[in-house]
Amino acid sequence: MQLTVLGSGTSVPVPDRFPAGYLVEHDQHKVMVDCGPGTLRRLIQASVTPAQLDAVLLTHYHTDHCADVAALLFALRSPHLSNRPPLTIYGAPGLERLLEKLTEAWPWLSPKDYELRLCEVTPGTFDAHGFEVTAIPIRHTAQSLGYRLRAGSGLVALSGDADTCDELVDLARDADVFVCDSAAPDDLKIEGHLTPGLAGGYAERAGARELVLTHFYPECDGHDLVAEARAKFGGKITLAEDLLRIPVGAQ
Ligand SMILES: [Zn+2]
Ligand SMILES: [Zn+2]
C-alpha cells in the first residue's frame, strides 16, 4: 500500500501546500481521502487521472476537505475522462443533501456517461475497492469521521480534522502510518484542531509505527513540530508535504 499526500495545507492559501487530500493505493485500487481545492491538480502531478479513481472518502464537509468534489464531477463529464467505471463518494449523513444542493446550483455536475454512487457512512467497518475501511467518529464537526484503511499487510489511519478525543486512539491503533491533524504548534492550539504534542500523545497511546503530521496553518512556520511530537512519541515522525509518497506496511 502507498499513501501520497495531495494537500498538507488548510483553508488559508499558501504557495506550497494545497488544502486537504490524500491518495491511498493498493494493487490497482486508488481512493482519495478528502478532496480539498487544488488536490485534483496534485493527483495529476502524482501521475493518477481522475478517471482512475475508484472512490473518494470525505472526513467532513468543511470546504478545505471537499471543494474539489465539484471540480471532479465536472471534469468527469469531459470526453477526455468519460465512460469510466462507477465512482463512489463516501461521507457522513448529509452527503446526499450536499450533492443535491451542489447539483441544484450547478446542474452540469450531474453524471454523464458514468455512474455516480453516493454512500452515507455511519461508524463501523465496510469493504470498499480492495480496502477494509473503518469509519470512526472524531471530534471536530458534529459528524466528522476518521478512516482506517487496511489492505494486504498495510494499515493507514487518517484523522481528518480533529480535536482532542479518545476515539483517536481507536483510529490509530497499531497503524503502520497515522496521518494526524497538527494544525498549530503546541503553544498556539486552535479550537477544533490538534497540535504536534497532542498528535504524538495519541500516536504513542495507539502504538502507531509512523506519525505523519499534516494540515499546517501558517502558525506552524518556524516551529520545530517534530520536536514537539517527539516529546510524546517514540516512533517515526514525518512532516507532510504535498506530493510526498509514504509506503504503508511491508512492500
Ligand atoms: Zn481542515
Ligand atoms: Zn474542518
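All of the numbers you see were taken from the coordinates with simple rules; none came from a lab. Predicted model, so just to flag it, every value in this text is computed and none were measured. Cβ atoms come from the backbone with ideal geometry, glycine included; neighbour counts cover every protein chain shown.
Of the conditions (1) within 16 Å of ligand 1 (Cβ to nearest atom); (2) under 24 Å from residue 249 (Cα atoms); (3) without any contact (Cβ under 8 Å) to a residue 60 or more places away in the chain, residue 52 fails just one. Which one is it? If we test residue 52 against (1) within 16 Å of ligand 1 (Cβ to nearest atom); (2) under 24 Å from residue 249 (Cα atoms); (3) without any contact (Cβ under 8 Å) to a residue 60 or more places away in the chain, just (1) comes out false. The residue pairs whose first member lies in the stretch 3-31 and is on the phi < 0 side of the Ramachandran plot, whose second member is among the β-branched types (Val, Ile, Thr) and assigned to a loop (DSSP other than H, G, I, E, B), and whose beta carbons are closer than 7 Å, counting only pairs six or more residues apart or on different chains, are 3/248; 19/10; 23/48; 30/48. Selection of helices (runs of 4 or more DSSP H) fully inside the stretch 1-118 by the criterion of at least 2 residues being among the small types (Gly, Ala, Ser) and more than 21 Å from residue 154 (Cβ to Cβ) returns 68-75. Of the residues making up the stretch 103-132, those that are of a type in the set (Phe, Trp, Tyr) and within 16 Å of residue 53 (Cβ to Cβ) number 2. Of the residues examined, residue 24 is one that is among the hydrophobic types (A, V, I, L, M, F, W, C) and either closer than 14 Å to residue 89 by Cβ or surrounded by 24 or more Cβ atoms within 10 Å (Cβ to Cβ) (or both).
Would you mind stating whether residue 133 is under 22 Å from residue 72 (Cβ atoms), within 16 Å of ligand 2 (Cβ to nearest atom) and not in a loop (DSSP other than H, G, I, E, B)? So residue 133 fails the test. In a residue-by-residue description of the stretch 69-86, the property of being within 15 Å of residue 243 (Cβ to Cβ) and either within 16 Å of ligand 1 (Cβ to nearest atom) or surrounded by fewer than 21 Cβ atoms within 10 Å (Cβ to Cβ) (or both) applies to no position.
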